[in-house]
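Notes for the one structure printed next.
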Amino acid sequence: MVGYLVESALLTHGLSSITENELIKRWPGTYDTIAWMQKGRLTVGGIDDFCKFRRKAAGYGRVNRRNYDSFKAQGRSGALTASGTMRACEELGITLAVTCGMGGLMKGQRPEESHDLEALAAGPVSLLAAAPKDMFDLKRTILAMEEAGITILGYESDVCDGYIFAGECVNISGRWNKEPPGKRRLFLKAIERADRIADKEILNRACRYGEDEEAKGRYYHPAVNKKVDELTGGVSSALQLGALIENIAWAEQLMLIGE
């Protein structure tokens, strides 16, 4: 097995404009790296097997670090978020989880309310991401991670400045200098700022839509992603898939260093 796992929540619920054929065509390599929960069983497979799972995406939940064991015990199926993937890595003795947009802190939230921050602070697994998602308070999120002893290393950058929208520049621990995966270590590789979506009103509208959907008992983050995708004519999905593929390429480098 390759020494990292790729989260499946974005691939399952977050790329509404990406067809199965496009996903298979663009997916890098043939390794079994994508992790999901199939009827209570942790499953790690390649893109073809994952797409069979993805076809029934509407019926699946989202598996995070806190509900991981209950999904297993109840025999439920679900897509793994970043923190759920880190929990799967712990189970399999793997050192690195790969995602795209990671969790963070909304205004008024405490660090212990973020599954991804909790997983980074408490577990032995590193996370590789593009950035915290745009609906989070970036400055508070970075500060909370640093206060928890998490080292944040940027790919050719020592700042984080947003995800698929351009945001303010927030200093992080430093630039990556060939450090391998390790405990309390976050690797960030930003989407090129020039490629990001300029209109912040799109984000505002999407967040309001997500709040409305959450009030109806639906998942907030997939709803926001769906609305941003709709309002950008699929640009946001293409950006996120491209960034995830870039992150997988960096994960391959990190595995060579860790050997």
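The values are calculated or read from the model by the stated rules, or taken from the named source; none is laboratory data. As the structure is a prediction and not an experimental result, all values here were calculated from the model. As a convention, Cβ positions derive from the backbone with ideal geometry for all residues, glycine included, and neighbour counts pool all protein chains shown. For accessibility, only protein heavy atoms count, side chains too; no ligands or nucleic acids. Shrake-Rupley method; radii C 1.70, N 1.55, O 1.52, S 1.80 Å.
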Exercise. Would you work out what percent of the accessible area of the chain, with all protein chains in place, is carbon or sulfur (probe 1.4 Å)?
Key: 46 percent
Quiz item: Do any of Lys52/Lys107; Lys39/Lys133; Lys52/Lys183; Lys178/Lys227; Lys189/Lys226 go past 31 Å between their Cα atoms, and which?
Solution: Lys52/Lys107; Lys52/Lys183; Lys178/Lys227
Quiz prompt | Debye log10 I(q)/I(0) for segment 18-71, one point scatterer per Cα, at q = 0.20 Å⁻¹ | solution = -0.77
Practice problem: Could you rank the peptides 13-20, 155-162 by their average count of other C-beta atoms within 10 Å per residue, with the highest value first? | Solution: 13-20, 155-162
Quiz item: Over all distinct Cα pairs, what is the inverse of the mean 1/r for the chain, reported as the Kirkwood hydrodynamic radius in Å?
Solution: 18.1 Å
Exercise. Compute the relative contact order of the chain as a whole-number percentage, counting only Cα pairs closer than 8 Å that sit 6 or more residues apart in sequence.
Key: 19 percent
Quiz prompt | Label-to-label distance, nm, for residues given as Ala57 and Leu143 (7 Å Cα→Cβ offset) | solution = 3.6 nm
Quiz item: Using a basic spin-label model with each label point 7 Å from the Cα along Cα→Cβ, how many nm lie between Thr30 and Arg175?
Solution: 3.8 nm
Quiz item: Given q = 0.19, 0.24, 0.25, 0.26 Å⁻¹, what are the Debye log10 I(q)/I(0) values for segment 201-259, with equal point scatterers placed on the Cα positions and solvent ignored?
Solution: -0.70, -0.87, -0.91, -0.94
Quiz item: Between Glu214 and Glu156, what length in nm is gained on full extension when 0.36 nm per residue of separation is reduced by their alpha carbon distance?
Solution: 17.2 nm
Practice problem: At q = 0.08 Å⁻¹, work out log10 I(q)/I(0) for segment 75-211 with the Debye formula, treating every Cα as an identical point scatterer and leaving solvent out; two decimals please. | Solution: -0.20
Exercise. Could you calculate the FRET efficiency of Gln38 with Asp69 from 1/(1 + (r/R0)^6), where r is the beta carbon distance between them and R0 is 25 Å, rounded to 0.05?
Key: 0.95
Quiz item: How many percent of DSSP beta bridges within the chain run antiparallel, rounded to 5?
Solution: 30 percent
Quiz item: Heavy-atom accessible area per residue, the chain, 1.4 Å probe: how many Å²?
Solution: 45 Å²
